[in-house]
Amino acid sequence: SQLIMTTQDQASDIPHLTKSGSELVTLLRNIALNHEIDRLQNSADRFHEHIDHVLEICKLLRHIAMTETLQVQAKFSEINVRIYGPQVITASKALCSYPASKAMKDNLEVFIDMWQWLTTDLQTISKDILDMATASLKPEKQGYLSLPRPGVSFYAPCKLYILWIQ
């Protein structure tokens with residue numbers, strides 16, 4: 001239950017992380033287009049830290065996922081962030097080296113779109129995992145056990161036995 005609460009706390013940052021990640025990606029694009037190599041490295045380092053934070057949230061989500069499907073989704077989100085996140089940095093560095101290249105601009109745009117899709121997907125997956133995990137923390141309501149449940153007869157097994165003997 002402590003892990004679920006910690007994950008909830010970390011996952012509550014996902015909308016903020018999505019917004020700050022989008023701002024960092026836009027900053028990387030603008031710096032690369034302006035050919036500012038020194039600023040690009042500083043912003044790339046900040047984006048790399050951002051990626052690490054997102055990866056940690058993915059790991060937490062995977063550990064509290066209650067179904068195999070959700071575990072696989074969280075694992076693939078983690079893998080995709082690990083693969084495509086650094087590609088944004090690489091594409092921005094390539095654009096910084098060749099700011100007039102249309103191919104480099106298009107390449108960066110593709111990875112930016114992929115990053116935005118990944119963060120949106122992560123928001124959806126985290127909501128599904130957290131909803132299921134918090135539901136498991138709530139105690140189940142138990143009925144009054146001294147009375148028989150409706151539709152279940154206490155004597156039903158005896159009747160079957162008597163019929164079998166006859």
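The values are calculated or read from the model by the stated rules, or taken from the named source; none is laboratory data. In this text the structure is predicted, and so the values were computed from the model without any measurement. Because the Cβ atoms are built from the backbone with ideal geometry, glycine has one as well, and the counts that use them run over all protein chains shown. These area figures cover heavy atoms from the full protein model, side chains too; ligands, DNA and RNA do not enter into them. Shrake-Rupley method; radii C 1.70, N 1.55, O 1.52, S 1.80 Å.
Annotations for the structure displayed:
- Accessible surface for the stretch 1-85, divided over its residues, is 55 Å² per residue with a 1.4 Å probe.
- Share of carbon and sulfur in the accessible heavy-atom surface of the stretch 1-137 [1.4 Å probe, %]: 54
- Most positive-pole-ward Cα, H53, P15, F76, against dipole of the stretch 1-120 from beta carbon charges: F76
- Kirkwood-Stokes translational diffusion coefficient of the stretch 1-75, alpha-carbon pairs, 37 °C, 0.692 mPa s, µm²/s: 237
- Environment charge at Q10 (Cβ cut-off 11 Å; Lys +1, Arg +1, Asp -1, Glu -1): -2
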